[in-house]
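Presented below is the structure to which this report refers.
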Amino acid sequence: MTTFSPYIRKPTSVRQVMLTVLIALVPGIAVYAWQIGAGILVNLAIASLTAIAAEAVVLKLRGRPVLPAIGDLSAVLTAWLIALCFPTIAPWWITMIAVLIAIIVVKHLYGGLGQNPFNPAMVAYCSMIVAFPSLMSQWPPAGGLDFQTQLDLILGGARNIDAITGATALDALRTGLRSGETTVGSILQQSAFGALGGRGWEWLGLGYLVGGILLLSRRVITWHMPVAFLVTLATIATLFWLVNPAKFASPLFHLASGGAMLAAFFIVTDPVTGATTPRGKLIFAAGVALLAYLIRTFGAFPEGIAFAVLLMNLCVPIIDMKSQPAVFGHKGGRQP
Amino acid sequence: MISRLFKFHGGIKPDSHKSESADFPIRPAPIPPQLVVPLRQNARAIAHCIVEPGERVLKGQRIGKAQGALGTAVHAPTSGTVVEITNRPMAHPSGLDTRCVVIEPDGEDRWIERHPIDPLDTDRAVTLAHLRDAGVVGMGGAAFPSHIKLGDGTGIETLILNGAECEPWITCDDRLMRERAAAILDGAVILCDLIGARRIVVGIEDNKPEAIAAMRAAAEPLEHAIQIVPVPTLYPAGGEKQLIKVLTGIEIAHGRLGSAYGVQCFNVGTGHAVHRAIRAGEPVVSRVVTLTGNVSNPGNFEALIGTPIETLLPLAGPKADTNRYLLGGPMMGFALPDLSVPLVKGTNCVIAASDALFPPPPPELPCIRCTSCARACPADLQPFELYWFSRSHNFGKAQEYHLFDCIECGCCTFVCPSHIPLVDYFRFAKSEIWARERDIQAASEARNRFEFRNFRQEREKAEKAARLAAKAAETKAKIAKEPDAPSADPENSPADAKKALIAAALERAKQQKAAIEPKNTANLSPETQAEIDEIEARRQEQRLPELESTPPGPDEGASEKQEPVR
Ligand code: SF4
Ligand code: SF4
């Protein structure tokens with residue numbers, strides 16, 4: 001027997017870590033299904049099954065043991081994140097293609113679990129929004145569609161989309177502002193907007209926040225990323241808003257809309273593709289927030305978080321390298 | 001006075017498993033049929049044997065004389081006959097042999113005449129020599145000679161007594177503090193005076209309330225400034241550097257000694273040994289060892305140094321499904337390759353292990369960069385980065401990321417959700433680097449020797465040629481003889497001819513040397529070369545101090561390099 005110390009291990013595993021994250025997503029999913037549309041549950045199922053199947057096939061082809069790898073639940077987590085950032089009524093095949101890209105191309109072509117430099121869910125999102133920009137920006141008004149209609153849309157019945165769908169709050173805001181006259185204030189009078197951001201969406205943000213707190217308390221993530229992300233987003237939004245409140249939305253609007261909370265606790269915190277040192281995490285998450293704001297406000301896409309994450313993924317090696325913490329005994333302070 | 005405690009980064013809270021063995025008083029272990037006393041007492045010192053096979057010895061009689069700067073004496077643990085001086089396997093993961101004195105006890109356990117001393121009345125140097133000759137070393141595991149640690153008696157503000165005992169399962173210090181607090185503190189006071197410290201701070205993990213109470217009670221009547229400080233139970237709080245950090249806030253950099261920062265740390269067991277050596281004149285011939293784990297009768301036993309582990313085990317009654325024995329704690333100990341190895345001064349614990357109690361680790365998965373390991377690392381390292389570098393043999397990078405600051409505490413391996421044996425990689429990387437440094441050193445020595453031989457041969461050749469030339473010149477001169485002969489033609493003068501020839505030879509040797517140099521490194525890839533350069537540069541830069549400067553011999557592996565965590 002050639003094992004060496006330590007001879008005891010904490011009862012933990014990748015599976016347990018992933019399971020904790022999945023559980024932490026549940027409050028958000030519940031709010032989603034209740035406030036925005038139960039169709040999300042169908043999307044989650046489609047995405048999960050696709051992910052598991054893709055993972056199994058790829059592992060088989062790579063000659064790796066299939067069961068333990070599927071058991072680690074990382075593919076399911078990727079699938080859930082994809083489903084959660086896609087439109088509720090995205091047709092089934094779009095979700096499926098996205099998951100296949102995430103699992104096969106982004107994860108396994110780069111070497112599998114732990115090896116991918118880019119966030120799989122975000123690559124999937126970006127590819128789809130580039131390939132199918134209109135399908136990817138059709139959202140139902142929160143709670144505005146009954147389940148049967150959602151199901152029809154997802155499973156590919158005829159789409160008479162414009163009649164029933166709208167854009168997200170962010171999308172409406174940008175289209176509104178682009179069209180000229182209107183100010184933020186007048187756009188926000190529209191019914192698509194709730195008290196803070198998109199109607200129903202602020203509740204969703206709360207659901208993710210609850211999950212995020214669970215992750216923090218279970219020490220799956222550290223405070224650095226969510227705090228840096230939210231603070232940066234709020235700060236830069238405040239700056240622009242103070243300069244011209246007619247043209248720029250309030251910080252609260254930015255925090256409560258789109259995937260801000262999902263991103264803060266579940267997306268920028270992806271361990272594999274994010275920075276790892278405490279300072280690096282702050283820089284990484286702040287960078288995502290900054291880029292996301294700029295893309296949201298000035299770029300070609302309504303939601304900029306996904307692109308921001310990918311851009312920052314590129315910077316991770318250098319961020320990590322430049323932010324190595326001082327080690328024990330080399331921290332300055334009291335030296336003889 | 002210590003008014004606040006500090007925190008070290010990371011740390012873990014494994015199940016402590018202390019109660020199994022902590023609730024029974026220390027029991028004496030019987031004298032075994034044979035004692036095997038290693039002459040090597042720590043990684044860098046081996047005692048000079050002064051007994052012969054067949055010689056009768058008394059308990060406490062010196063059988064090995066202190067030798068070398070870090071040497072201490074070795075004693076017969078009981079009275080009996082020396083039967084053999086031979087190589088026996090040592091308590092070490094490699095199970096390599098070392099020279100041992102094998103003694104057959106006569107069962108009388110008769111002491112040699114003992115000479116207590118009064119340290120207040122004795123010259124400091126004499127007291128230090130007394131400690132050396134009593135074989136007093138760190139009982140925490142490192143077995144570093146105590147008299148060396150006492151230095152020159154200046155510059156130390158605080159003497160820290162380590163009673164933290166943070167490794168799970170081990171309770172020998174706990175029991176010692178509960179039962180012999182006064183003796184421990186007396187030893188600490190002696191050490192404190194010898195080192196010139198102003199105060200004594202005893203750090204004990206707060207999961208040992210009885211030990212804390214006993215030590216407090218024993219400190220009460222003493223005049224010295226002694227403070228018993230409960231420290232939070234957090235492995236590795238008993239690591240010397242971690243304990244110093246917790247108690248004083250001082251972080252001692254890798255390769256530096258506490259003395260440079262005005263603190264010095266001794267184990268409570270060492271305090272006890274000092275007390276015995278000074279007050280009773282008894283050298284270190286026994287120690288308390290915890291026998292626990294998968295046994296029916298766990299507890300602490302006072303056993304003679306040199307007692308083979310296998311003769312100790314029956315005292316605790318290992319259960320049937322025991323399949324290996326760990327020496328030391330489960331975090332930093334190792335599985336004994338051979339049960340015949342003897343108990344040594346640094347042996348604090350033997351754990352009977354079964355797969356039920358210590359299940360084999362689940363299969364390894366890829367690193368998911370979750371940073372759990374970095375958050376647990378008491379040395380503030382990024383273990384997963386070190387893991388990548390070690391795995392890819394990128395040792396230069398590993399060193400750049402402070403590989404050698406790793407204390408091998410095992411926290412990172414403990415928490416890793418991917419079950420990666422991170423410390424194994426670090427031990428591997430360290431030993432590879434040491435091996436390379438040794439190779440480089442050996443190569444450069446060989447080169448020097450080679451060059452010198454070339455140079456000598458050339459010089460000899462040149463001298464020979466010069467002699468011949470001189471002779472020829474002489475003959476020529478003789479032939480030319482007659483009147484104009486002695487006019488000194490400078491070019492033909494024998495002395496000058498010799499000089500010129502030597503110069504030419506030296507030149508040739510130099511060229512040869514220049515030709516040799518690249519050849520020696522020609523077959524190295526640029527990466528390897530860069531790595532070597534880097535290692536070299538770091539070595540220069542770090543000026544690895546005393547303790548670390550000698551790469552260990554083959555029988556001194558990683559676990560002995562590290563100050564064990566108690
Ligand atoms: S704990 Fe394990 S999986 Fe997590 S970063 Fe460290 S090595 Fe990687
Ligand atoms: S073994 Fe080394 S790297 Fe791992 S936690 Fe301990 S000091 Fe850090």
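The values are calculated or read from the model by the stated rules, or taken from the named source; none is laboratory data. What you are looking at is a predicted structure, and each value in this text was computed from that prediction instead of being measured. All Cβ positions, glycine included, derive from the backbone under ideal geometry; neighbour counts span all protein chains shown. Ligands, DNA and RNA are excluded from the accessible area calculation, which covers all protein heavy atoms including side chains. Shrake-Rupley method; radii C 1.70, N 1.55, O 1.52, S 1.80 Å.
Somewhere in the stretch A:278-298, is a residue under 11 Å from the mean Cα position of the chain (by Cα) and more than 14 Å from every other protein chain (Cβ to nearest Cβ)? No; the residues of the stretch A:278-298 include none that is under 11 Å from the mean Cα position of the chain (by Cα) and more than 14 Å from every other protein chain (Cβ to nearest Cβ). Which pairs do you get when a residue that is outside the structural domain of B:Ala503 (by TED's automatic domain parsing), found in the stretch B:460-476, comes within reach of a residue that is among the polar types (S, T, N, Q) and open to solvent by 60 Å² or more (accessible area, probe 1.4 Å), reach meaning Cβ atoms under 9 angstrom, with the pair 6+ apart or on two chains? Listed pairs, sorted by first residue: B:Ala473/B:Asn492; B:Lys476/B:Asn492. Going by the structure shown, is B:Gly151 open to solvent by 30 Å² or more (accessible area, probe 1.4 Å), in the same structural domain as B:Ile212 (by TED's automatic domain parsing) and over 23 Å from B:Asn42 (Cα atoms)? Answer is no for this residue.
Condition first: under 30 Å from B:Ala273 (Cβ atoms), more than 16 Å from ligand 2 (Cβ to nearest atom), within 11 Å of chain A (Cβ to nearest Cβ) and surrounded by fewer than 24 Cβ atoms within 10 Å (Cβ to Cβ). Can you find one or more residues in the stretch B:337-349 that meet it? Yes, because at least one residue in the stretch B:337-349 is under 30 Å from B:Ala273 (Cβ atoms), more than 16 Å from ligand 2 (Cβ to nearest atom), within 11 Å of chain A (Cβ to nearest Cβ) and surrounded by fewer than 24 Cβ atoms within 10 Å (Cβ to Cβ).
Annotation: B:Asn454 fulfils all but one of (1) away from ligand 2 (no atom under 16 Å from the Cβ); (2) among the polar types (S, T, N, Q); (3) under 23 Å from the mean Cα position of the chain (by Cα); (4) surrounded by 15 or more Cβ atoms within 10 Å (Cβ to Cβ); the unmet one is (3). Here the condition is being more than 14 Å from chain B (Cβ to nearest Cβ), buried (at least 22 other Cβ atoms within 10 Å of the Cβ) and not in a loop (DSSP other than H, G, I, E, B); of A:Leu262, A:Leu314, it holds for A:Leu262 alone.
For the stretch B:313-336, a tally of residues being charged (D, E, K, R) and either crowded, with 22+ Cβ neighbours inside 10 Å or within 12 Å of chain A (Cβ to nearest Cβ) (or both) returns 1. Of all the listed residues (A:Ala142, A:Ala124, A:Ala131), the sole one being within 21 Å of the chain's Cα centre (by Cα), buried (at least 21 other Cβ atoms within 10 Å of the Cβ) and at pLDDT 75 or above is A:Ala124. For the stretch B:401-417, filtered to residues that are of a type outside the set (Phe, Trp, Tyr) and part of a helix (DSSP H, G or I), the residue that is farthest from ligand 1 (Cβ to nearest atom) is B:Asp405.
You will find that of A:Ala98, A:Ala45, the residue that is surrounded by fewer than 17 Cβ atoms within 10 Å (Cβ to Cβ), closer than 28 Å to A:Leu151 by Cβ and modelled with pLDDT of 90 or more is A:Ala45 and no other.
Give, as residue ranges, the helices (runs of 4 or more DSSP H) completely inside the stretch A:36-112 that count at least 3 residues that are within 21 Å of the chain's Cα centre (by Cα).
Numbers: elements: A:39-62, A:66-71, A:74-85, A:92-100.
Output list reads A:39-62, A:74-85, A:92-100.
Taking B:Ser392, is it open to solvent by 10 Å² or more (accessible area, probe 1.4 Å), in contact (Cβ under 8 Å) with a residue 24 or more places away in the chain and more than 7 Å from chain A (Cβ to nearest Cβ)? Reasoning before the result, please.
Values: open to solvent by 10 Å² or more (accessible area, probe 1.4 Å): yes; in contact (Cβ under 8 Å) with a residue 24 or more places away in the chain: no; more than 7 Å from chain A (Cβ to nearest Cβ): yes.
Considered against the rule, which asks whether it is open to solvent by 10 Å² or more (accessible area, probe 1.4 Å), in contact (Cβ under 8 Å) with a residue 24 or more places away in the chain and more than 7 Å from chain A (Cβ to nearest Cβ), B:Ser392 comes out as no.
When residues in the stretch B:232-245 are screened for being crowded, with 24+ Cβ neighbours inside 10 Å and more than 9 Å from chain A (Cβ to nearest Cβ), 8 of them pass. Among the residues of the stretch B:1-18, at least one is within 25 Å of B:Asn300 (Cα to Cα), open to solvent by 60 Å² or more (accessible area, probe 1.4 Å) and within 16 Å of ligand 2 (Cβ to nearest atom). A single entry from B:Leu161, B:Leu194 fulfils the requirement of being closer than 28 Å to B:Asp123 by Cβ and either surrounded by fewer than 24 Cβ atoms within 10 Å (Cβ to Cβ) or among the β-branched types (Val, Ile, Thr) (or both): B:Leu194.
B:Phe358 fulfils the conditions (1) away from ligand 1 (no atom under 16 Å from the Cβ); (2) within 10 Å of chain A (Cβ to nearest Cβ); (3) not in a loop (DSSP other than H, G, I, E, B) except for a single criterion, (3). Here B:Val288 meets each of (1) under 30 Å from B:Pro360 (Cα atoms); (2) modelled with pLDDT under 95; (3) touching a Leu at 6+ places or on another chain (Cβ under 6 Å) with one exception, condition (2).
Which residue out of B:Ala379, B:Ala374, B:Ala398 is within 9 Å of chain A (Cβ to nearest Cβ), part of a helix (DSSP H, G or I) and among the small types (Gly, Ala, Ser)?
The conditions single out B:Ala374.
For the stretch B:350-395, the set of residues classified as over 30 Å from B:Thr72 (Cβ atoms), more than 11 Å from ligand 2 (Cβ to nearest atom) and touching a strand residue (DSSP E or B) at 6+ places or on another chain (Cβ under 9 Å) consists of B:Ala352, B:Ala353, B:Ser354, B:Leu357, B:Phe358, listed by residue number.
Just to check your reading of the model, which residue among B:Asp405, B:Asp424 is more than 18 Å from the chain's Cα centre (by Cα), within 15 Å of ligand 2 (Cβ to nearest atom) and of a type in the set (Asp, Glu)?
Working: B:Asp405 fails: more than 18 Å from the chain's Cα centre (by Cα).
Of B:Asp405, B:Asp424, the one residue that is more than 18 Å from the chain's Cα centre (by Cα), within 15 Å of ligand 2 (Cβ to nearest atom) and of a type in the set (Asp, Glu) is B:Asp424.
Restricting the stretch B:355-389 to residues that are open to solvent by 30 Å² or more (accessible area, probe 1.4 Å) and free of Cβ contacts under 8 Å to residues at least 24 places away in the same chain leaves a set whose member that is farthest from the chain's Cα centre (by Cα) is B:Arg369.
Would you point out the residue of the stretch B:1-51, among those that are hydroxyl-bearing (Ser, Thr, Tyr) and touching a Pro at 6+ places or on another chain (Cβ under 7 Å), that is nearest to ligand 1 (Cβ to nearest atom)? Give the steps one after another, and end with the answer.
Within the stretch B:1-51, the subset hydroxyl-bearing (Ser, Thr, Tyr) is B:3, B:16, B:19, B:21.
Checking the rest, the ones that are also touching a Pro at 6+ places or on another chain (Cβ under 7 Å) come to B:16, B:21.
Details: B:Ser16: 22, B:Ser21: 31 Å.
If we take residues in the stretch B:1-51 being hydroxyl-bearing (Ser, Thr, Tyr) and touching a Pro at 6+ places or on another chain (Cβ under 7 Å), then B:Ser16 is nearest to ligand 1 (Cβ to nearest atom).
Can you find even one residue in the stretch B:132-139 that is open to solvent by 30 Å² or more (accessible area, probe 1.4 Å) and either touching a Phe, Trp or Tyr at 6+ places or on another chain (Cβ under 6 Å) or outside any helix (DSSP H, G or I) (or both)? Within the stretch B:132-139, none of the residues are open to solvent by 30 Å² or more (accessible area, probe 1.4 Å) and either touching a Phe, Trp or Tyr at 6+ places or on another chain (Cβ under 6 Å) or outside any helix (DSSP H, G or I) (or both).
Being among the aliphatic types (A, V, I, L, M), under 25 Å from A:His330 (Cα atoms) and within 14 Å of chain A (Cβ to nearest Cβ) is true for just one of B:Ile433, B:Ile407. Which residue is that?
Values: B:Ile433 fails: within 14 Å of chain A (Cβ to nearest Cβ).
Sole residue among the options that is among the aliphatic types (A, V, I, L, M), under 25 Å from A:His330 (Cα atoms) and within 14 Å of chain A (Cβ to nearest Cβ): B:Ile407.
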